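One structure follows; several queries about it will come next.
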There are 2 protein chains.
Amino acid sequence: MDVHGRDLRYFVAVAEELHFTRAAERLFVSQPALSKQLRMLERTLGAPLFDRDRHGVRLTSAGAALLPHARRVLADWDTGLVAFEEAKAAQRATLAVGMSTSPGRGGMLPAIRSRFTAAHPEAALTLHQVNWSDTTAGLGDGASDVAFVWLPLPDGARYRWTVMAEEPRLVAMAESHRLAARETVDFADLLDEPFLALPESAGPLRDHWLATDARDGRPPVIGAEIASPDETYEALVDGLGVCLLAAGNAPLVARAGVVTRPVAGLSPAQLALAWRADDTRPLVRAYVEAARATHGTTA
Amino acid sequence: MDVHGRDLRYFVAVAEELHFTRAAERLFVSQPALSKQLRMLERTLGAPLFDRDRHGVRLTSAGAALLPHARRVLADWDTGLVAFEEAKAAQRATLAVGMSTSPGRGGMLPAIRSRFTAAHPEAALTLHQVNWSDTTAGLGDGASDVAFVWLPLPDGARYRWTVMAEEPRLVAMAESHRLAARETVDFADLLDEPFLALPESAGPLRDHWLATDARDGRPPVIGAEIASPDETYEALVDGLGVCLLAAGNAPLVARAGVVTRPVAGLSPAQLALAWRADDTRPLVRAYVEAARATHGTTA
DNA sequence: CTCCGTGATAACCATTGGTTATGGACGTGC
DNA sequence: GCACGTCCATAACCAATGGTTATCACGGAG
């Protein structure tokens, strides 16, 4: 037996005025509309709220019993609306920054943050790491507003990006690997090695880190699938395969038992800051600008 | 920015299920209806309440901010409904008994009450005295459900009644009045006396207490208008006029300085219990039955 | 690759909520 | 008493709302 909030306002207004015509103009509706709505309300409630007769309009006892609750419902709803609006504003003033792996790279993130908050002191930033199965680092499902990603992105038309860094691809392997002793590895020597690969859902990025473009069409051997730095480290130590990674990410896996070596014959990897093409919100533009400016000074 | 309570229920249901289809069946509506209503709600609120994507349905932060308020509004409304229903029931179980002057007359009222409450122990009785300007003693404007009145009633078709007592009409006058010395007064001797009269609004009853039917068309002289026993007593003492009244009401005015005398040549007055012709509620019938039974035993 | 489950959309229909014009009951002032 | 003003109810009408069924688009699982 729910009713429209508006009907409660009508009820309270008439209860306060005890006068339909005056209540109607206070509510900016016509008097017949008010009469009709209150009759409907009384019908759905199953009992009259007002006694109307020659002597005027009075609350029935049932109406009097309902009145304080109606007021309270309206008050609660109004405060709820205020809370909602505040949350809305907070949401508008918060930028979610996604990343596959920590961008690190000499304080790039703090530099961007300080530029950004200088331009938008009211805005809040939230950083969060996203599983590698989503190569857009949350852009695709709205979890992020901007994201640090490795090119290429899937579905290029939906996103725009600015390249933040170009880094050579290294190979990581167990220190017991037969090639671990070399200073530099030629990619041709890795062609038959089992590789650790991103999940299938990573699409073109999976291929990029398998360097399929340097294999002349010969399919890679997949030793395991990996979706986080820790998984990668464990798989390397266990000898499940070798793995390409950007030079800047070497510290993530180069722990005890794992070595990284430069690879000859591979194009560099590109780290980019990306956003949704249709997202023109000022905070997004501002973050991108801050990133470009930072990139300029640090490049 | 009011919304329908139903929409809040929809919102809460989806927030709890995080699943439109399941929420829809819990609410006994089709899934498209639920989708549409929630979109409308989001549109009127100006921000989405849920994130829906491949991974499922989740509350937005704004939605999360609104949720507790929505729950509270619904809870308040539900308790308000309960209060309303209780008041409705109490109203149904309360009989308002109106009277122009106290019926008195040897415990008639307590006798009726005991019979009535024996038949309806759950019912409450409220007695109230009504100004003489309303000769229906509150029946007309709904202030009373049953009423002790003097016949005739105005607008006979609207009411039914049962005669409770027939009493001779006496005349009341100041003890200094020239006729006060007589044991009995003939109405012919009163024709030129100023009379105290009920208000104009009393209609035919005013004429009855002026005994216009015994005046052969000659208009009465009005000394003052009266609307309560106290006014009557004061007007009598002040010598503003004389006044007819039922024998049973003599004690109301026969105080120091006022005397009452039988009048020859007048028909008796009839005290009746009346109710609205269209009012068939069990409590009303029951009170009338109790009154008739009591009348039978005391008559 | 096809099927299933999910939410969104389309097309349609009855009900709701508003409008203006009008009616009927009552009080008021000449 | 009688024309008038006030007040609430009703009538006729119209746009928007809230529901239905049928269908689509998409992603996940077998």
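The values are calculated or read from the model by the stated rules, or taken from the named source; none is laboratory data. Note that this is a predicted model, so its numbers are computed, not measured. As a convention, Cβ positions derive from the backbone with ideal geometry for all residues, glycine included, and neighbour counts pool all protein chains shown. Note: areas computed on protein heavy atoms with side chains; ligands, DNA, RNA excluded. Shrake-Rupley method; radii C 1.70, N 1.55, O 1.52, S 1.80 Å.
What are the residues in the stretch A:24-38 that are more than 9 Å from DNA strand C (Cβ to nearest atom) and modelled with pLDDT under 90, if any? Before the answer, list the steps.
As a first pass, look at the stretch A:24-38 and keep what is more than 9 Å from DNA strand C (Cβ to nearest atom): A:25-26, A:38.
Correct list: A:Glu25, A:Arg26.
Does A:Gly248 satisfy the criteria of being in contact with a Pro (Cβ under 9 Å, 6 or more places away or on another chain), farther than 30 Å from A:Ala119 by Cβ and surrounded by 16 or more Cβ atoms within 10 Å (Cβ to Cβ)? Working first, answer last.
Values: in contact with a Pro (Cβ under 9 Å, 6 or more places away or on another chain): yes; farther than 30 Å from A:Ala119 by Cβ: no; surrounded by 16 or more Cβ atoms within 10 Å (Cβ to Cβ): yes.
Judged against the criteria, A:Gly248 is not a match.
Across the stretch B:1-31, which residue is surrounded by the fewest Cβ atoms within 10 Å (Cβ to Cβ) among those that are polar (S, T, N, Q) and within 10 Å of DNA strand D (Cβ to nearest atom)? Before you say what the answer is, go through the steps one by one.
Going residue by residue through the stretch B:1-31, those that are polar (S, T, N, Q) are B:21, B:30-31.
Subset that is within 10 Å of DNA strand D (Cβ to nearest atom): B:30-31.
Details: B:Ser30: 12, B:Gln31: 15.
So, considering only residues that are polar (S, T, N, Q) and within 10 Å of DNA strand D (Cβ to nearest atom), the one surrounded by the fewest Cβ atoms within 10 Å (Cβ to Cβ) is B:Ser30.
With the requirement that a residue be acidic (Asp, Glu) and in contact (Cβ under 8 Å) with a residue 24 or more places away in the chain, what does the stretch A:214-237 give you? Working first, answer last.
Initial filter on the stretch A:214-237 (acidic (Asp, Glu)): A:216, A:225, A:230-231, A:234.
Selection gives A:Glu225 alone.
Also, quick follow-up: Is it true that some residue in the stretch A:111-120 is crowded, with 16+ Cβ neighbours inside 10 Å and farther than 14 Å from A:Leu283 by Cβ?
yes
Is it true that some residue in the stretch B:255-273 is more than 22 Å from B:Pro199 (Cα to Cα), touching a Lys or Arg at 6+ places or on another chain (Cβ under 7 Å) and touching a residue at least 40 places away in the same chain (Cβ under 8 Å)?
For the stretch B:255-273, residues more than 22 Å from B:Pro199 (Cα to Cα), touching a Lys or Arg at 6+ places or on another chain (Cβ under 7 Å) and touching a residue at least 40 places away in the same chain (Cβ under 8 Å): present.
Limited to the stretch A:122-161, what total is found for residues that are open to solvent by 20 Å² or more (accessible area, probe 1.4 Å) and among the β-branched types (Val, Ile, Thr)?
2
In the stretch B:49-67, which residues are open to solvent by 40 Å² or more (accessible area, probe 1.4 Å) and closer than 16 Å to B:Val12 by Cβ?
B:Arg58, B:Leu59, B:Ala64
Scan the stretch B:64-83 for residues that are within 16 Å of DNA strand D (Cβ to nearest atom) and more than 7 Å from chain A (Cβ to nearest Cβ) and report the count.
1
Would you mind telling me which numbered condition in (1) within 11 Å of DNA strand D (Cβ to nearest atom); (2) more than 30 Å from B:Ala64 (Cβ to Cβ); (3) at the interface with another protein chain (Cβ under 7 Å from one of its Cβ atoms) A:Ser61 fails?
Failed condition: (1).
Quick one: would you say B:Leu81 is within 10 Å of DNA strand C (Cβ to nearest atom) and either hydrophobic (A, V, I, L, M, F, W, C) or open to solvent by 20 Å² or more (accessible area, probe 1.4 Å) (or both)?
Details: within 10 Å of DNA strand C (Cβ to nearest atom): no; either hydrophobic (A, V, I, L, M, F, W, C) or open to solvent by 20 Å² or more (accessible area, probe 1.4 Å) (or both): yes.
Considered against the rule, which asks whether it is within 10 Å of DNA strand C (Cβ to nearest atom) and either hydrophobic (A, V, I, L, M, F, W, C) or open to solvent by 20 Å² or more (accessible area, probe 1.4 Å) (or both), B:Leu81 comes out as no.
A further question follows. Do you know which residues across the stretch A:86-110 are open to solvent by 40 Å² or more (accessible area, probe 1.4 Å) and out of contact with any Phe, Trp or Tyr (no Cβ under 9 Å at 6 or more places or on another chain)? I'd like the intermediate steps shown before the answer.
Step one: of the stretch A:86-110, the residues open to solvent by 40 Å² or more (accessible area, probe 1.4 Å) are A:86, A:89-92, A:94, A:102, A:105-106, A:110.
Passing the criteria: A:Glu86, A:Ala89, A:Ala90, A:Gln91, A:Arg92, A:Thr94, A:Arg105, A:Gly106, A:Pro110.
Counting just the residues of the stretch A:121-165 that are at pLDDT below 85 and touching a helix residue (DSSP H, G or I) at 6+ places or on another chain (Cβ under 7 Å), which one comes out farthest from A:Lys88 (Cα to Cα)?
A:Pro152
Give the number of residues within the stretch B:39-58 that are near DNA strand C (Cβ under 9 Å from one of its atoms), facing chain A (nearest Cβ under 9 Å) and in contact (Cβ under 8 Å) with a residue 12 or more places away in the chain.
0
Taking B:Ala70 and the conditions (1) open to solvent by 50 Å² or more (accessible area, probe 1.4 Å); (2) more than 22 Å from the chain's Cα centre (by Cα); (3) touching a residue at least 24 places away in the same chain (Cβ under 8 Å), which numbered condition does it fall short on, given that it satisfies the others?
Single failed check for B:Ala70: (1).
Given the residues B:Pro199, B:Pro204, B:Pro268, which is the only one that is open to solvent by less than 50 Å² (accessible area, probe 1.4 Å) and not β-branched (Val, Ile, Thr)?
Numbers: B:Pro204 fails: open to solvent by less than 50 Å² (accessible area, probe 1.4 Å); B:Pro268 fails: open to solvent by less than 50 Å² (accessible area, probe 1.4 Å).
Going through B:Pro199, B:Pro204, B:Pro268 in turn, just one is open to solvent by less than 50 Å² (accessible area, probe 1.4 Å) and not β-branched (Val, Ile, Thr): B:Pro199.
Is it the case that A:Leu34 is open to solvent by less than 10 Å² (accessible area, probe 1.4 Å), within 11 Å of DNA strand D (Cβ to nearest atom) and away from chain B (no Cβ under 13 Å)?
Working: open to solvent by less than 10 Å² (accessible area, probe 1.4 Å): yes; within 11 Å of DNA strand D (Cβ to nearest atom): yes; away from chain B (no Cβ under 13 Å): yes.
Here the answer is yes, as A:Leu34 does meet what is asked.
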